[in-house]
Amino acid sequence: MNPGDDVAVIGAGPGDPELITMAFAHGADGVMVLGCHIGDCHYISGNHKTMVRMPLLRRILEGCVEVSLGAAWQDEIDEINIRAATLLAMSRAISQLTVSPDLVLVDGRDLPPMSCPGVALVKGDARSESVAAASIAAKVARDAIMCHLHQVYPEYGFDRHKGYPTSEHLQCLAAFGPCPLHRRSYRGVEKIG
């Protein structure tokens, strides 16, 4: 890579009912986060994740040329499977960039279909601050969507568990059955719905 090359970075934020990926375009000097090592943010625990991620996201966005969001929804995941839906969401994020990247870094083992070179980094959010930055942004976007969905389906508690199969979420599924947003192909949902 040469100084000034544009790099697109993809990080994923898993969640139910959607899969969110975020692509950033930035110069080869990377996403600067004011001296904060963000690679460890994957390991933030407890209910304070959003409070920690939001200030980091503001810093991350200051260093970006462009940001793009890609998503795949529950019906697509059920139809084509989670792996294919992940690649689809990544492709959508990349295709929305107006800056054509010289290289794409992907958090995962597979590269989506794209017209530029890429590198897949397994556990990329622990290996690359740029990938960790994209992962943080994707998780913040996912959390915001889940809080909005909580307003539509408050009985499921999406604002608290963000779609993860916590005991609270499983109890809600048992009590109310799956809502239209739940992935029907997932064990637990498949058995109930």
Within the stretch 48-60, is even one residue surrounded by 15 or more Cβ atoms within 10 Å (Cβ to Cβ), more than 14 Å from residue 133 (Cα to Cα) and at pLDDT 80 or above?
no
Residue that is modelled with the lowest pLDDT [pool: residues in the stretch 100-125 that are buried (at least 17 other Cβ atoms within 10 Å of the Cβ) and over 28 Å from residue 185 (Cα atoms)]
101
Cβ contacts < 6 Å: first residue farther than 15 Å from residue 68 by Cα, restricted to the stretch 79-93; second residue in a helix (DSSP H, G or I) and among the aliphatic types (A, V, I, L, M), any location; separation 6+ or different chain. Result?
85/77
With the condition kept exactly as written, say whether any residue in the stretch 74-92 is closer than 21 Å to residue 61 by Cα and crowded, with 21+ Cβ neighbours inside 10 Å.
yes
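Residue-by-condition table, conditions (1) touching a Gly at 6+ places or on another chain (Cβ under 7 Å); (2) assigned to a helix (DSSP H, G or I); (3) of a type in the set (A, V, I, L, M, F, W, C); (4) surrounded by 14 or more Cβ atoms within 10 Å (Cβ to Cβ):
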{"site": "132", "(1), (2), (3), (4)": "yes, yes, yes, yes"}
{"site": "138", "(1), (2), (3), (4)": "yes, yes, yes, yes"}
{"site": "141", "(1), (2), (3), (4)": "yes, yes, yes, yes"}
{"site": "144", "(1), (2), (3), (4)": "no, yes, yes, no"}
{"site": "151", "(1), (2), (3), (4)": "no, yes, no, no"}
{"site": "160", "(1), (2), (3), (4)": "no, yes, no, yes"}
{"site": "165", "(1), (2), (3), (4)": "yes, no, no, yes"}
{"site": "170", "(1), (2), (3), (4)": "yes, yes, yes, yes"}
Could you list, in sequence order, the residues of the stretch 173-187 that are over 24 Å from the mean Cα position of the chain (by Cα) and in a helix (DSSP H, G or I)?
174, 175, 176
What are the pairs with Cβ atoms under 8 angstrom where one residue, in the stretch 129-141, is in contact (Cβ under 8 Å) with a residue 60 or more places away in the chain and the other, located anywhere, is surrounded by 24 or more Cβ atoms within 10 Å (Cβ to Cβ) and aromatic (Phe, Trp, Tyr)? Sequence gap at least six, or different chains.
130/24; 133/24; 134/24; 137/24
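The values are calculated or read from the model by the stated rules, or taken from the named source; none is laboratory data. All figures in this text were calculated on a predicted structure; none of them were measured in a lab. Here Cβ is always computed from backbone atoms with ideal geometry, including for glycine, and neighbour counts include all displayed protein chains.
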